[in-house]
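Notes to accompany the following structure.
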Amino acid sequence: MLPGFVKDALHLVLSLVMAIIFAGVIISWLRAAGVRVPYYHPIIRAIEQSYEAMIRPIRRAVPTAGGGLDFAPMIALIILMILQRVIARM
């Protein structure tokens, strides 16, 4: 059994990681749509670096599907949701 504050802290960290993944996906979609998202902005750079560091191991294991579809962010989010449920039940 985990103490309540540990559960809350882990839940917060996992939620933050999920938010970074969502933000990274949205940034990549915007760039693919032709929207100018600045590469040099410190917040954008931090999101992209964190996003790539989290997704890279999954991309190595799961290749990109035909047509450039990348399932790595979805797999990462599913794994994080499962972890949140496991932690909540401890």
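For VAL17, indicate whether it is touching a residue at least 60 places away in the same chain (Cβ under 8 Å) and under 27 Å from ARG89 (Cβ atoms). Considered against the rule, which asks whether it is touching a residue at least 60 places away in the same chain (Cβ under 8 Å) and under 27 Å from ARG89 (Cβ atoms), VAL17 comes out as yes.
Yes/no per residue for (1) within 30 Å of MET1 (Cα to Cα); (2) modelled with pLDDT under 95; (3) among the aromatic types (Phe, Trp, Tyr):
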site: ALA32; (1), (2), (3): no, yes, no
site: PRO38; (1), (2), (3): no, yes, no
site: ILE58; (1), (2), (3): yes, yes, no
site: LEU77; (1), (2), (3): yes, no, no
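For the range 32-90, a residue qualifies if it is hydroxyl-bearing (Ser, Thr, Tyr) and out of contact with any Ser or Thr (no Cβ under 9 Å at 6 or more places or on another chain), and the qualifying residues are TYR39, TYR40, SER50, THR64.
The values are calculated or read from the model by the stated rules, or taken from the named source; none is laboratory data. What you are looking at is a predicted structure, and each value in this text was computed from that prediction instead of being measured. Note: ideal-geometry Cβ built from the backbone for every residue, glycine included; neighbour counts use all protein chains shown.
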